[in-house]
Amino acid sequence: MNEIIKTDKIDHIGIVVPNIEKALEHYKNVFNKIGSKPIISETQNVKISFIQFSNIKLELIEPISEKSPISNFLKKNPLGGMHHIGLEVDDLNNTYSDAKNNDLEPLSKPVKGYHGRDLFFLHPKKMMNTLFEILSKN
């Protein structure tokens with residue numbers, strides 16, 4: 001079988017949290033890691049911070065309004081939890097076409113993320129009940 005999603009890099013693990021400042025303090029105490037200063041993405045209605053490990057990042061995400069795409073996740077999981085896995089690819093547009101042509105059901109066409117990188121998500125029901133974010137390299 002041919003490789004549909006051509007990647008060998010997990011960029012990050014997205015974790016939804018009810019309070020990003022409390023989460024940053026918790027992970028600092030547990031891992032002795034200081035997260036990045038939280039930024040606000042107005043388009044996604046979220047507050048985001050990263051905690052860098054040597055091989056991967058944790059992306060902490062807090063919804064800042066009911067309009068946030070992750071506010072429903074937090075309603076179902078009030079303590080937060082793992083939300084998605086971010087995979088980096090060299091050619092996002094070809095990856096999107098390959099995913100669509102192989103019935104992996106991208107949830108939208110590629111969009112520009114808060115960080116300037118293009119991205120799209122694959123439907124969890126097509127990915128063993130796990131949400132995957134596919135990100136461009138740059």
| request: May I ask what percent, to the nearest 5, of DSSP beta bridges between residues of the range 9-136 are antiparallel? | output: 70 percent
| task | For each of Thr130, Thr95, Thr43, Thr7, count neighbouring Cβ atoms within 10 Å of the residue's Cβ, then give the residues from fewest to most. | result | Thr43, Thr130, Thr7, Thr95
| query | Hey, what number do you get for the chain at 222 nm if only DSSP H runs of n ≥ 4 count, each worth -39500 (n - 2.57), divided across all residues, to the nearest 500? | reply | -6000 deg cm²/dmol
| note | Neighbours of Val17 by Cβ distance under 12 Å: Lys/Arg at +1, Asp/Glu at -1, summed charge -2
| Order of Glu25, Glu88 from fewest to most other C-beta atoms within 10 Å? | Glu25, Glu88
| said: Nothing charged except the Cβ atoms of Lys and Arg (+1) and of Asp and Glu (-1): what's the magnitude of the dipole of the range 9-136 about its Cα centre? Round to the nearest 20 debye. | reply: 340 debye
| Given the range 74-134 reduced to its alpha-carbon atoms as identical point scatterers, what log10 I(q)/I(0) does the Debye formula return at q = 0.15, 0.28 Å⁻¹? | -0.48, -1.23
| task | Apply 1/(1 + (r/R0)^6) to the Cβ-Cβ distance of Ile34 and Lys137, taking R0 = 30 Å, and write down the FRET efficiency to the nearest 0.05. | result | 0.70
| request: With the Cα gyration tensor of the chain in hand, convert its eigenvalues to equivalent ellipsoid semi-axes via √(5λ) and list them largest first in whole Å. | output: 26, 17, 14
| query | Between their Cα atoms, which of Lys33/Lys67; Lys28/Lys100; Lys22/Lys67; Lys9/Lys37 are more than 32 Å away from each other? | reply | Lys28/Lys100
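Laboratory data are not the source of any read-out in this text; all were calculated from the coordinates shown. Only a predicted model underlies this, so the values are computations on that prediction, with no experimental measurement involved. Cβ sites come from the backbone with ideal geometry, for glycine too, and all protein chains shown count toward neighbours.
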